[in-house]
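The values are calculated or read from the model by the stated rules, or taken from the named source; none is laboratory data. What you see is a predicted model, and the numbers here were worked out from it, not measured in a lab. Because the Cβ atoms are built from the backbone with ideal geometry, glycine has one as well, and the counts that use them run over all protein chains shown. Please note that ligands, DNA and RNA were not included when accessible areas were found on the heavy atoms of the full protein model with its side chains. Shrake-Rupley method; radii C 1.70, N 1.55, O 1.52, S 1.80 Å.
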Amino acid sequence: MKILILGAKGMLGHDLQAEFEKDHQVTGWGIDEIDITKEEEVNKKIVQLKPNLVINAAAFTDVDGCEEKKDLCMKVNGQAVGFIAQACKKCNAVLVHYSTDYVFDGQNKEGYKEDAKLDPINLYGQSKALGEEEIQKNTTKYYLLRTSWLYGKHGKNFVDTMLNLAKERDKIKVVNDQFGKPTYTKDLAKRTKEIIEQKRDFGIYHVTNEGITSWYEFTKKIFEIAGINIEVKPQTTEQFPRPAKRPKYSALINTKLPKMRRWEEVLKEYLTTN
């Protein structure tokens, strides 16, 4: 297959490129090669390339930054996705796009299935919800993969942030009342490839490592595996105000695919192979 990866220099993009390059012809574009917020440019460049598959891993992922840069956030995560979908339709390419647990309000303790109603509570979630709408409006040949709490070797992520903080502090405060599913970008890339190669039905899929945890428990496990002795203090969301509101319970329930590895096992692999 001839594959185009957008956001190829990002954390997920790196792992997607490594995964798909094993068996396919891959072109990777970053911000230097294409500005996805410019409709004409997106249309021209993608149609000229004529890929069979476009994987969009480009995103504005700074959740708090979205509150300050609303226009850019909506353009990159929302409108641009529509431009990419239109270009894919023109050249008959399949589109893979990634969305987030933050499209939900986080009020449901049981978690969210693929057909749950979208109700984002921050601008990042709103922008990603707009992206989902734009795909469904502009093409029928798509895989919309929702994921959560991503970390990987090639970008800024929560795991590395905690490890770096441990070098500077003897005590770390972390929220203990937000729950979700940490997911390794390498596992997400592998599962993406499986979905494509197995020719799964088009539509929405939830792709995360299994097991629900809080940021607090996740942090404790990071230090336990890394062998770092540091005090981790639980905090409520109210004690830790941020510009963007976070959903409290945002576990994505996967009803369509085989279950992935548990987050504890994957975290161990990440920390011992880095």
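So Asp177 passes all but one of these: (1) touching a strand residue (DSSP E or B) at 6+ places or on another chain (Cβ under 8 Å); (2) open to solvent by 20 Å² or more (accessible area, probe 1.4 Å); (3) closer than 30 Å to Gly82 by Cα; (4) among the charged types (D, E, K, R). Which condition number does it fail?
(3)
Could you tell me which of the residues Val81, Val94 is in contact with a strand residue (DSSP E or B) (Cβ under 7 Å, 6 or more places away or on another chain) and crowded, with 24+ Cβ neighbours inside 10 Å?
Val81
Among (1) touching a residue at least 60 places away in the same chain (Cβ under 8 Å); (2) within 16 Å of the chain's Cα centre (by Cα), where does Gly131 come up short?
Unmet condition: (1).
What is the number of the single condition among (1) open to solvent by 10 Å² or more (accessible area, probe 1.4 Å); (2) in contact with a helix residue (DSSP H, G or I) (Cβ under 9 Å, 6 or more places away or on another chain); (3) among the charged types (D, E, K, R) that Asp160 does not meet?
Just one mismatch for Asp160, condition (2).
Here are some residues: Asn92, Asn77. Which one is assigned to a loop (DSSP other than H, G, I, E, B) and not aromatic (Phe, Trp, Tyr)?
Within the list Asn92, Asn77, the selection yields Asn92.
Quick one: how many residues across segment 97-115 are open to solvent by 30 Å² or more (accessible area, probe 1.4 Å) and either outside any loop (DSSP other than H, G, I, E, B) or touching a helix residue (DSSP H, G or I) at 6+ places or on another chain (Cβ under 9 Å) (or both)?
Number of matching residues: 1.
Can you list residue pairs whose Cβ atoms sit under 6 Å apart, with the first residue in segment 54-74 being over 17 Å from Thr192 (Cα atoms) and of a type in the set (D, E, K, R) and the second being open to solvent by 80 Å² or more (accessible area, probe 1.4 Å) and part of a loop (DSSP other than H, G, I, E, B)? Count only pairs 6 or more apart in sequence or on different chains.
Pairs that qualify, where the first residue is over 17 Å from Thr192 (Cα atoms) and of a type in the set (D, E, K, R) and the partner is open to solvent by 80 Å² or more (accessible area, probe 1.4 Å) and part of a loop (DSSP other than H, G, I, E, B), are Asp64/Arg242; Asp64/Pro243; Glu67/Pro243.
Has segment 244-253 got any residue that is in a strand (DSSP E or B), small (Gly, Ala, Ser) and buried (at least 21 other Cβ atoms within 10 Å of the Cβ)?
No, every residue in segment 244-253 fails to be in a strand (DSSP E or B), small (Gly, Ala, Ser) and buried (at least 21 other Cβ atoms within 10 Å of the Cβ).
Hey, any hits in segment 120-130 for a residue that's modelled with pLDDT of 95 or more, in contact with a strand residue (DSSP E or B) (Cβ under 6 Å, 6 or more places away or on another chain) and surrounded by fewer than 20 Cβ atoms within 10 Å (Cβ to Cβ)?
No.
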